[in-house]
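Enquirer: This is the structure, below, for whatever I ask next.
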Amino acid sequence: MIRRKTIWAFIAATMVPALAAPLPARAEVKATETVETYAISGKTGAELYASIGARGPLLGANRVIAHTRFKLTWRRDYQRRGNDCVLASAIPRLTIITTLPKPTAKLSGPVGASWTRFIDGVRQHEAVHGRYVRELVAKIETATIGLTQPDDPGCTKIKTEMNRRLGAISDERRDLDRAFDQAEFTEGGAVHTLILALVNGP
């Protein structure tokens, strides 16, 4: 059995910066979702988790168990109306990429069952981050489509205003992501419980 204090040192390093409360219901943003994996090895839960600690994706200076990132581009239609500029439409192109650990050898018996419970829980955790990304895009749509900038025939001032709004929305998402991870990794949280079950299991 590995003591919680030992596990906590790695948990603290694996906390990923992302929402405490979802936005109101709305049409879901369309996205292309892909999964990338990194190889780990081990014959026990403790060995598998140690391999995650050594090989997990880097986020800043720390390695993490799993990670969800996204690529977002827009096709925007700015229109001049008199002396004003209006963002008439904005069509997002969103790709959500989730990185997960994958054992190199087939796991069977109690270790296989323990790993399945662990990775299913990690997928559920990362799916929440993916949902937050969709909500971010929806919030950007709400904040910008139809935006009108007076006295902007060249449609330059409107882009400055949009960047100001988007910066605030992005900051909010990062704060919410961080709060979610802190709750999940805190002792008794969902991910913390998953880690203990894997490491202290077969």
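Enquirer: Could you tell me which trypsin sites (Lys or Arg not before Pro) in the range 36-125 are loop residues by DSSP with no more than 13 other beta carbons within 10 angstrom of their beta carbon?
Expert: Answer by residue number: 43, 106.
Enquirer: Report the extension gain between residue 105 and residue 182 in nm, rounded to one decimal, defined as 0.36 nm multiplied by the number of residues separating them, less their alpha carbon distance.
Expert: Length difference between fully extended and current span is 24.6 nm.
Enquirer: What's log10 of I(q)/I(0) for the range 4-199 at q = 0.13 Å⁻¹, Debye sum over Cα points only, no solvent?
Expert: So the normalised log intensities work out to -0.76.
Enquirer: Rounded to the nearest 0.05, what FRET efficiency is calculated for residue 120 and residue 84 with R0 set to 41 Å and r the Cβ-Cβ distance?
Expert: Once the sixth-power term is evaluated, E becomes 0.20.
Enquirer: Sum up the lysine pairs in the chain that clear both bars: alpha-carbon distance under 26 Å and a spacing of 8 or more or different chains.
Expert: Going through the chain pair by pair, I get 13.
Enquirer: Next question, about the same structure. Pulled fully out, how much extra length does the chain show between residue 171 and residue 34, if you take 0.36 nm times their separation in residues and subtract their Cα-Cα distance?
Expert: Working it through step by step, the gained length comes to 46.9 nm.
Where a number appears in this text, it was derived from the coordinates with a stated rule and is not lab data. Quick caveat, the model's predicted, so the values are computed rather than measured. Positions of Cβ are generated from backbone atoms using ideal geometry, with glycine treated the same way; all protein chains shown enter the neighbour counts.
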